[in-house]
Amino acid sequence: MKKFLLGTNWKMNKTLDEAITYSKKLVRLVEAHSQYNYFIIPPYTHLTEVKKALGESKVMLGAQNMHWEDFGAYTGEISPKMLSDIGIDLIELGHSERRQYYNENDFDLNKKLKAGLKHNFTPLLCIGEYMVDKEYGITREVIKKQVKIGMFEVSKEEALKVWLAYEPVWAIGENGIPAEPSYVAVVHGYIREQLVELYGEEVGNKIPILYGGSVNAANCVELSNQENVDGLFIGRSAWDIQKFEEIINLLEISKY
Ligand code: PGA
């Protein structure tokens, strides 16, 4: 069985010193709890130093976004080639803050996802509906569109390298309402159906689907126990290494 995935996107947080201190502590934490696979996604400017701090540890290092072209006249952008030089493992794509504030759309995300695959990164594609979609009962349709366009022309073989994260927009951040675990199970079920429809049982069932959005010490165990939840993608509750450790301990104890 594949290891359960645990990771965090720092968003636009942490000084370089804080990033290095956190990463060194994470290495020790991970050694003590090796039954999970871990990833961290710092801001671009910290990637090189965080990579050094992680050393030989198995923690996967990711970036929060990238352009799809290797080079070009795209002021302010960072390319897959540049991230490949740093040696990242994972590329986070389509976080709801990117979609919401920087107009990222499914078509461009598909280009980014394919560029990520070309550079041997694990693309972590974030999907999720707005509250209004949920209220109008179109969550399934929204998810379907995001998955189908995001994974357009991605072969079965390539699809095996992709991870999806279901992050309902209304559940994310300070004003987020944590999603009910039973609701998460239903939506993860839709996503699984989509993947099986696109890639068949064998491949579709292997693609990890993570849940993110106000994951915390109070809900992590129940969320992790839902069918088709293959990992937790944690924001605020993992930015402090002690809080992250608390979540890891709770998950561990719950499996005894
Ligand atoms: P949160 O962030 O856990 O702080 O809600 C989740 C995310 O944005 O991925």
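The values are calculated or read from the model by the stated rules, or taken from the named source; none is laboratory data. For clarity, every value in this text was computed on a predicted model and none was experimentally measured. When we count neighbours, we look across all protein chains shown, and the Cβ atoms used for this are built from the backbone with ideal geometry, even at glycine. Areas reflect the complete protein model, heavy atoms only, side chains present, ligands, DNA and RNA absent. Shrake-Rupley method; radii C 1.70, N 1.55, O 1.52, S 1.80 Å.
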For the chain, what is the calculated [θ] at 222 nm in deg cm²/dmol (nearest 500), taking -39500 (n - 2.57) for each run of four or more DSSP H residues and dividing by its residue count?
-13500 deg cm²/dmol
In what sequence, largest accessible area first, do Y74, Y183 appear using a 1.4 Å probe?
Y74, Y183
How many angstrom lie between the Cα centre of the range 129-169 and the Cα centre of the range 24-51?
27 Å
At q = 0.14, 0.18, 0.29 Å⁻¹, the log10 of I(q)/I(0) for the range 72-122 from a Debye sum over equal Cα scatterers comes to -0.37, -0.61, -1.22
Could you look at the chain and say what percent of its accessible area is carbon and sulfur, using a 1.4 Å probe and all protein chains?
52 percent
Output the pairs from K24/K114; K81/K243; K145/K206 with a Cα-Cα distance over 29 Å in this structure; if there are none, say none.
K24/K114; K81/K243
Probe of 1.4 angstrom, ligands and nucleic acids ignored: what's the accessible area per residue over the chain, in square angstrom?
48 Å²
Reachable aspartates and glutamates from K25, Cα under 19 Å, same-chain residues fewer than 8 places away excluded?
D17, E49, E56, D240, E245, E246, E252
The answer for trypsin sites (Lys or Arg not before Pro) in the range 15-124 that fall in a DSSP coil and have at most 16 neighbouring Cβ atoms within 10 Å is K58
